[in-house]
Amino acid sequence: MFVRDLLRGNDIRFGTVAASLTLDDWARPSLCDAWSNHDVLAHLVIGYQAGLRITATEMLRNAGSFDRANAAMARSIAGVSSPAVLLDEFEKLVNQPRGLGRVFPRRLLLGDHVTHELDILLAIDREPAIPSDAAVAVLNTQVAVPNPFVPAFRNSRGLRLRATDLEWTHGEGPIVEGRAVELISVLGNRPRMLSCLEGDGVELLAARVHP
């Protein structure tokens with residue numbers, strides 16, 4: 001299956017899951033530092049619609065920082081759009097992305113969307129149901145493709161990683177094992193699920209996630 005098909009199928013599934021969340025769920029802090037679940041949803045919408053000019057302008061307002069610009073745009077949109085409105089917009093954009101969403105690498109978008117779904121669901125103690133083919137694709141991208149926005153490639157270096165719930169292993173060195181969603185989240189620099197991982201490489205991974 002092509003990555004674009006994985007991305008679209010996963011986005012449609014996420015929309016169904018997200019529609020079942022309550023307003024209280026959306027107001028809760030996510031695993032993404034300093035973002036509420038509502039902010040994370042706004043970020044997903046922005047990723048599919050923001051143009052280069054808007055993004056560049058926001059970066060200028062935030063001392064050239066993409067991360068700060070990204071956070072500012074997400075909070076701004078979340079401040080004026082309810083989760084229901086954002087979900088409707090996300091559903092439309094899945095089929096017709098605009099701006100940077102049309103050209104951003106699909107494998108990185110899939111990783112971004114899965115990681116942020118975990119940011120939302122794990123924060124409210126809800127069990128994720130990421131399809132195995134999508135989870136494997138995200139893990140393969142995390143360990144193989146340096147990403148300026150997510151330090152998963154760096155975090156995985158020199159470790160033997162093994163998913164305990166599907167057929168996936170990578171690397172050599174001290175072992176770190178856990179469910180695929182736990183590996184994805186921690187490699188993406190979210191420490192919340194570190195306690196769910198096992199192996200003699202967990203301490204090294206924790207030091208990278210908590211520099």
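Each reported figure results from applying straightforward, stated rules to the coordinates on display, with no laboratory input. Please read these numbers as outputs of a predicted model, since none were measured by experiment. Glycine also receives a Cβ, built like all others from the backbone with ideal geometry; neighbour counts cover every protein chain displayed.
Brief remarks on what is shown
Table: residues versus (1) surrounded by 20 or more Cβ atoms within 10 Å (Cβ to Cβ); (2) in a helix (DSSP H, G or I); (3) of a type in the set (D, E, K, R); (4) out of contact with any Ser or Thr (no Cβ under 7 Å at 6 or more places or on another chain).
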| residue | (1), (2), (3), (4) |
| --- | --- |
| 161 | yes, no, no, no |
| 166 | no, no, no, no |
| 176 | yes, no, no, yes |
| 182 | yes, yes, yes, yes |
| 194 | no, yes, no, yes |
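A quick yes/no check of all residues on (1) touching a residue at least 40 places away in the same chain (Cβ under 8 Å); (2) closer than 23 Å to residue 20 by Cα:
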position	(1), (2)
99	yes, no
106	yes, no
124	yes, yes
130	yes, yes
169	no, no
191	no, no
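- Residue match in segment 104-120 (condition: among the aliphatic types (A, V, I, L, M) and over 22 Å from residue 163 (Cβ atoms)): no
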